[in-house]
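What follows is a single structure, written as structure tokens, with notes after it.
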């Protein structure tokens, strides 16, 4: 046979089920989709106009005035004390920043440009144009600015998740709607006060925008989504919470390249005109420039943070994850903020996501048994999850942890990201007509799937219950094993009538009680009219440059952010180390106070001007320490402290060098000698 007559053909591997179905028209918004997005937009602007938010600001009334907020303000639900980072720290900080006209450096928040490096705070930089969460503070009053910020986390997540799923499910409205609300209603999303969802929304926006630019046939979409890509990528990166930033970044890359790989043949390379290439290049370059400018602004402050004992020098080696929490959400319906296993510390740490990724094990067995081609994205995704779980439970060599940046992620902070990835995968899996089969017998296959799922879940939940000292009843374990075994079966069998409707309905009904986790609050009156803030502002002729210190309950120090005074203690990140040169000149305790977090202050009068530091360690984070010293300490005076607030009735020895300025909910003194 001559070379001329030889014809070599390249055999194409056809996958039995495409993970991301090939689609020239990447996004098709039907009438229902447009109505849904319009309703989200209407709800967002309505909530902002009415000053609605899910803030637990009402806790200020409960804690400081021993009363509940009036029903005209607390529309729905109840404030949550566990959300203290929001109502006790971030909200007063935001109010302080608002009063200081968004200054970069605010002493009360920490050293350097502590206000600028905090992504939750607005700035005077033009870069805020590309961080929509902060827009409201610039053109609205403070209460509506906060409402704008809060509601963008909710409606923004629903909108971006919906668009993401519309792309990845080939415009399946039901599954896209379901996936968006599954993410939103999951207990980890709700109990972490929507912060995780906020980061996720910008990742999904960046992914969706990038893919639409590549595949769209509409010229105007190239420019619109080029701008949205800049907003999504820049805001996500500058939120500055490395454990979730790194992990979500991995998830974003995995799903983006997964989609491109499965649709490689569908990319019309001749349609990637100069405009698309130019917009993609310029958008990416612009994001890089914005990040570079931001880095130049914060690098000195970032260096201070990296040199702190916590969180800067925190090293994560993996291997310390509590495996019992992996499937805790199966039992989440039986937990509240006052009723949870002691081992899980609090309801936030106990919360999670419904996990369905084990379905992949059934899928792989079916593929091998029936000698089918495998979906490579499923395989890569599963290996990816296993790699993370190995890191969390057993740890990895240090060089691998550093190379993959896992050394920046505490294992317990990786769990929510696995939960999110699991939801993204499950919704995509449901969008394909995959029927897992072992014996080519419909009845046997379904029976085996159910029995194996039930045994697996019952064993997992029984083990979990044993580890938490039998917190849950046998009936609860059995009922949840039965329920989720049924869902495993439904998800695995595309031939079940109304499969997606059944699965979606049961999951959303199960998660719906989580809608009550965060309250619906109108306005921020409990903070703006706070009795402590009112007391401070009623004192005439205060020295605005002087420093304050709070002895007693550190919550009062946090509230003082809202009074716009210079607070020595409270919450700092990074700490003002210059203050401690006078308190600890030999730096013997620098590993204690060189950390971001809460500073408790208590009296310690010995006659020798002694200063004692004590780290308040716990099993989650070491972000609190106590400072014991004489309120009339000469060392304290050298730091510039002039005003002293006592949250209790001080003893005569504590106020021997002071004069009383105000007595009300607190006692406020001025150091005179």
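The values are calculated or read from the model by the stated rules, or taken from the named source; none is laboratory data. Since the model is a prediction, treat every value here as computed from it, not as a measurement. All Cβ positions, glycine included, derive from the backbone under ideal geometry; neighbour counts span all protein chains shown.
Give the residues of region 484-498 that are closer than 26 Å to residue 339 by Cα and either surrounded by fewer than 16 Cβ atoms within 10 Å (Cβ to Cβ) or in contact (Cβ under 8 Å) with a residue 60 or more places away in the chain (or both), sorted by residue number. Can you show your working first?
Start the filter on region 484-498 by keeping residues that are closer than 26 Å to residue 339 by Cα, which leaves 484-485.
The one that is closer than 26 Å to residue 339 by Cα and either surrounded by fewer than 16 Cβ atoms within 10 Å (Cβ to Cβ) or in contact (Cβ under 8 Å) with a residue 60 or more places away in the chain (or both): 484.
In region 457-470, what residues are part of a helix (DSSP H, G or I) and either under 17 Å from residue 325 (Cβ atoms) or touching a strand residue (DSSP E or B) at 6+ places or on another chain (Cβ under 7 Å) (or both)? Spell out how you get there, then give the answer.
We begin by selecting, within region 457-470, every residue part of a helix (DSSP H, G or I); these are 457-467.
Within region 457-470, 457, 459, 460, 461, 462, 463, 464, 465, 466, 467 meet the criteria.
Which pairs have Cβ atoms under 8 Å, sit 6 or more apart or on different chains, and link a residue in region 534-546 that is not assigned by TED's automatic domain parsing to the domain that holds residue 61 to one that is loosely packed, with under 13 Cβ neighbours inside 10 Å?
535/664
Can you spot a residue in region 91-105 that is part of a loop (DSSP other than H, G, I, E, B) and in contact with a strand residue (DSSP E or B) (Cβ under 9 Å, 6 or more places away or on another chain)?
Residues of region 91-105 part of a loop (DSSP other than H, G, I, E, B): 100-105.
Adding the requirement that they be in contact with a strand residue (DSSP E or B) (Cβ under 9 Å, 6 or more places away or on another chain) leaves none.
The answer is no, given that none of the residues of region 91-105 is part of a loop (DSSP other than H, G, I, E, B) and in contact with a strand residue (DSSP E or B) (Cβ under 9 Å, 6 or more places away or on another chain).
Pick from 108, 125, 186, 147: which is closer than 24 Å to residue 294 by Cβ and surrounded by 23 or more Cβ atoms within 10 Å (Cβ to Cβ)?
Details: 125 fails: surrounded by 23 or more Cβ atoms within 10 Å (Cβ to Cβ); 186 fails: closer than 24 Å to residue 294 by Cβ; 147 fails: closer than 24 Å to residue 294 by Cβ.
Testing whether each residue is closer than 24 Å to residue 294 by Cβ and surrounded by 23 or more Cβ atoms within 10 Å (Cβ to Cβ) leaves just 108.
Could you say whether any residue in region 219-228 is at pLDDT 95 or above, under 29 Å from residue 378 (Cα atoms) and within 19 Å of the chain's Cα centre (by Cα)?
no
Considering only residues of region 397-439 that are without any contact (Cβ under 8 Å) to a residue 24 or more places away in the chain and outside any helix (DSSP H, G or I), which is farthest from the chain's Cα centre (by Cα)? Before the answer, list the steps.
Filtering region 397-439 for residues without any contact (Cβ under 8 Å) to a residue 24 or more places away in the chain gives 397, 399-400, 402-404, 439.
With the extra rule that they be outside any helix (DSSP H, G or I), the set shrinks to 397, 404, 439.
Working: 397: 28, 404: 21, 439: 44 Å.
Checked region 397-439; the qualifying residue farthest from the chain's Cα centre (by Cα) is 439.
Among the residues of region 47-62, how many are surrounded by 24 or more Cβ atoms within 10 Å (Cβ to Cβ) and part of a helix (DSSP H, G or I)?
So the count comes out to 2.
Only one of (1) touching a helix residue (DSSP H, G or I) at 6+ places or on another chain (Cβ under 7 Å); (2) at pLDDT 95 or above is not met by residue 615, so which one is it?
Condition (2) is where residue 615 drops out.
Report the residue count in region 501-535 for those that are assigned to a helix (DSSP H, G or I) and within 30 Å of residue 488 (Cα to Cα).
Start the filter on region 501-535 by keeping residues that are assigned to a helix (DSSP H, G or I), which leaves 501-516, 525-528, 531-535.
Remaining after also requiring within 30 Å of residue 488 (Cα to Cα): 501-516.
Qualifying residue count for the region: 16.
How many of the residues making up region 70-90 are on the phi < 0 side of the Ramachandran plot and in contact with a strand residue (DSSP E or B) (Cβ under 8 Å, 6 or more places away or on another chain)?
To start, the set of residues in region 70-90 that are on the phi < 0 side of the Ramachandran plot comprises 70-76, 78-90.
Adding the requirement that they be in contact with a strand residue (DSSP E or B) (Cβ under 8 Å, 6 or more places away or on another chain) leaves 72-76, 79, 89.
So the count comes out to 7.
Restricting to region 356-367, give me the number of residues that are surrounded by 21 or more Cβ atoms within 10 Å (Cβ to Cβ) and under 24 Å from the mean Cα position of the chain (by Cα).
Here the count works out to 1.
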